[in-house]
Amino acid sequence: MEEGLRERKKRETRQRIADIAMGLFMAKGFDNVTVAEVARAADVSVNTVFNYFGTKEDLFADRQEVAVDLPARVLREREPGESVVRAFRRDFLDAIAGRDWRYGLNQGADVFAGIVAASPALVARMRELQEQRETALTRALADELDAAPEDLAPRLVAAQILAATRLLGAYAAGRMGAGEDWPGIEPDLRTQAERAFDLLESGLGDYGRRAPAEASGGDDGDGDPEGDEQQSERH
């Protein structure tokens, strides 16, 4: 259905307010910016801001609806014969190539992460957003696989996949925040991603297995008879 003029203007106004708010948050920090300040900068009333965004945190997480649906979309759009883990591996590697925001690989993702880390309110909101993503993916998996309500497998799968992608994104953002250039980060990130998805795909059965203890030398493991005799003579 084609977007009407009224809907387009509302969408553009919402995006303009969100963009102006993000600029202020990046310049001053989230906790140092008020909704009234955002309204003044956007040349709208405070009520107008709240017509589009329920809370100040919503101004920061303006793509939250898209972000929550993204994992379920990867599941829905996987290719014929493609497993869930394979679909997320492909999607994450594609995001690396395009430096896409959906996994926090875009330019400025380190700044975004820094703003979140400096604000307890945003830390709580991002945690809530992560839980919503996990719940949405769990439901999509359970529906598609017709899992019983007591079956924990869909939630376990969702939690492990999203934990992997979140940690990989944080790894990239951390290196960006340390001042490294993307050409130096990308190959290492790709290697880390391949290893992470290999673990998800093959399971953790052999991960961290200790090497067998080496057999002690001597006569069939009985030690040195002469040494034993000398030791006994000392006592």
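The values are calculated or read from the model by the stated rules, or taken from the named source; none is laboratory data. On a predicted model such as this, the values are computed, not experimentally measured, just so you know. All Cβ positions, glycine included, derive from the backbone under ideal geometry; neighbour counts span all protein chains shown. Protein only, heavy atoms only, side chains kept; ligands, DNA and RNA dropped before computing areas. Shrake-Rupley method; radii C 1.70, N 1.55, O 1.52, S 1.80 Å.
Within the range 173-186, the residues that satisfy the criterion of being open to solvent by less than 70 Å² (accessible area, probe 1.4 Å) and more than 23 Å from ALA87 (Cβ to Cβ) are ALA173, GLY174, ARG175, MET176, GLY177, GLY179, TRP182, GLY184, ILE185. How many residues, within the range 25-42, are assigned to a helix (DSSP H, G or I), closer than 23 Å to VAL123 by Cβ and open to solvent by less than 30 Å² (accessible area, probe 1.4 Å)? Result for the range 25-42: 4. Considering (1) touching a Pro at 6+ places or on another chain (Cβ under 9 Å); (2) under 23 Å from GLY29 (Cα atoms), the lone condition that GLY177 does not fulfil carries the number (1). The set of residues from the range 130-161 being part of a helix (DSSP H, G or I) and either among the aromatic types (Phe, Trp, Tyr) or surrounded by fewer than 17 Cβ atoms within 10 Å (Cβ to Cβ) (or both) comprises GLN130, GLU131, GLN132, THR135, ARG139, ASP143, GLU144, LEU145, ALA153, LEU156, ALA159, GLN160.
Would you check if there is a residue in the range 120-128 being surrounded by 15 or more Cβ atoms within 10 Å (Cβ to Cβ) and either of a type in the set (Ser, Thr, Tyr) or within 15 Å of the chain's Cα centre (by Cα) (or both)? Yes - at least one qualifying residue is present in the range 120-128. Scanning the range 43-56 for residues that are part of a helix (DSSP H, G or I) and either of a type outside the set (A, V, I, L, M, F, W, C) or crowded, with 19+ Cβ neighbours inside 10 Å (or both) yields ASN47, THR48, VAL49, ASN51, TYR52, LYS56. Please work out if LEU59 is over 30 Å from LEU141 (Cβ atoms), open to solvent by less than 30 Å² (accessible area, probe 1.4 Å) and assigned to a helix (DSSP H, G or I). Yes.
Checked against (1) in a loop (DSSP other than H, G, I, E, B); (2) modelled with pLDDT under 90; (3) small (Gly, Ala, Ser), SER232 meets all criteria but (1).
Being in a helix (DSSP H, G or I), under 30 Å from ASP188 (Cβ atoms) and not hydroxyl-bearing (Ser, Thr, Tyr) holds for only one residue in ARG16, ARG73, ARG6, ARG11, and it is ARG73.
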